[in-house]
Structures are given as structure tokens and as C-alpha cells.
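A quick write-up on the structure given underneath.
The values are calculated or read from the model by the stated rules, or taken from the named source; none is laboratory data. Every value quoted in this text rests on a predicted model; they were computed, and no experiment measured them. Note that we place each Cβ from the backbone using ideal geometry, even for glycine, and neighbour counts take in every protein chain shown.
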């Protein structure tokens, strides 16, 4: 991938242009935008870019009253498998 | 250690601290005991701590508070240690991240487009 514009999601390397392009082409919700581009689904779990992805989506698709912002997926921070259960 | 601020206009002269040596990608470096790994490497002029696993573009310090996991390195064989919150200590072996195979993407017809 080339440097297209400012990177929003650094873990999955999704640029601002890419997000705006997908959001305007599909007129999609924040969750759909996240699933289409993988922004916020990387190593850090979207802790850096979640609100930005949310904002970009809602610029193109006003948030309905019943919709909540992007959620925090468990585990909320990266955990080693060895920390979850000892490997013998 | 040329990048270090030894004389600060407000904070004054840097007090002398105990030096420790560690290796980063098979090269020996010196840092001060207790400072973060990211700071020690930055003082040695190293800004690229790893590369993006897929694209291979360089990554380094981003948030520097242990939040974004951009500076994760391999410390003594432990994967995913954050260089910004890991204190540097004598003899630790640090390795940077490399690109990983992306088999599913490589199979796709539009790979690289």
C-alpha cells in the first residue's frame, strides 16, 4: 500500500481517504464501515481510531436513535494465550 | 548517545545515571537504567521499532503511553511487549517485528491492487 493520505487505523493501515470513500460509496453505518475496511479491528482493538471511524461513518450516514457507538470487543486489551491458560 | 538532551534550558543538566547495555536486532546499545526501551532506542537514533506485518511500512513510537501498541517489540522472546512502557535493563535481548506471510491475501486474484 502506498501513502495515500493520513492513516486513521494504524494497526490495519486504513487511510482517511479509504474510509471516506467506502463510507460515501456504501452510505453505511459505523459498524459496516468497520467491517468493510477492517479499521479498528487490528492489534490494539480500535482503541486509537474507534471514535474517528465512528465520526467518519456518521458524517455520511446520520446515526439513528437506536444505534450505539462502536463497541469494545473482549478482550479489551491484547492478551497472550499463555496468560489466559498456562501452556504445558 | 547523540540524540539525548544533556543540557536542558529549564530542567538543567541531566544527572548521571547508571548505564546498562542491551541488544536490539543483534546490535549492542547503551541506555540508562530505568528509562523506557523506546526512549533508550530513540536516544541511540533508532526510530523504527518494527514494520507493519502486512505492508512492511516502518512503525515506531506513536502514543508513547502504552495505549496504541505501535511500538511493540520482542523482549527476551516475549512477543508484543510495548517498548514505551518496558524499562530497559542490563542484557535484555530485543528484536523488532517483521512482516508476516499473508496467505489468504496472496491467494486472492486482486492481490496487490
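Restricting the first member to segment B:64-78 and to residues that are facing chain A (nearest Cβ under 7 Å), and the second to residues that are assigned to a strand (DSSP E or B) and surrounded by 17 or more Cβ atoms within 10 Å (Cβ to Cβ), the beta-carbon pairs closer than 8 Å and six or more apart or on different chains are B:69/B:82; B:70/B:59. Going residue by residue through segment B:7-18, is there one that turns out to be surrounded by 10 or more Cβ atoms within 10 Å (Cβ to Cβ), at negative phi and touching a residue at least 12 places away in the same chain (Cβ under 8 Å)? Yes, because at least one residue in segment B:7-18 is surrounded by 10 or more Cβ atoms within 10 Å (Cβ to Cβ), at negative phi and touching a residue at least 12 places away in the same chain (Cβ under 8 Å).
Residues in segment A:73-82 that are out of contact with any strand residue (DSSP E or B) (no Cβ under 8 Å at 6 or more places or on another chain), within 14 Å of another protein chain (Cβ to nearest Cβ) and closer than 20 Å to residue B:68 by Cα: A:75, A:76, A:77, A:79, A:81. Could you look through segment B:79-98, keep only residues that are within 12 Å of another protein chain (Cβ to nearest Cβ) and more than 23 Å from residue B:34 (Cβ to Cβ), and pick out the one that is surrounded by the fewest Cβ atoms within 10 Å (Cβ to Cβ)? Of everything passing the filter in segment B:79-98, B:79 is surrounded by the fewest Cβ atoms within 10 Å (Cβ to Cβ). Hey, does segment B:52-62 have a residue that's away from chain A (no Cβ under 14 Å) and in contact with a helix residue (DSSP H, G or I) (Cβ under 8 Å, 6 or more places away or on another chain)? Taking every residue of segment B:52-62 in turn, none turns out to be away from chain A (no Cβ under 14 Å) and in contact with a helix residue (DSSP H, G or I) (Cβ under 8 Å, 6 or more places away or on another chain).
Restricting attention to segment A:48-72 and to residues that are within 15 Å of residue A:7 (Cβ to Cβ) and within 14 Å of chain B (Cβ to nearest Cβ), the residue that is modelled with the lowest pLDDT turns out to be A:48.
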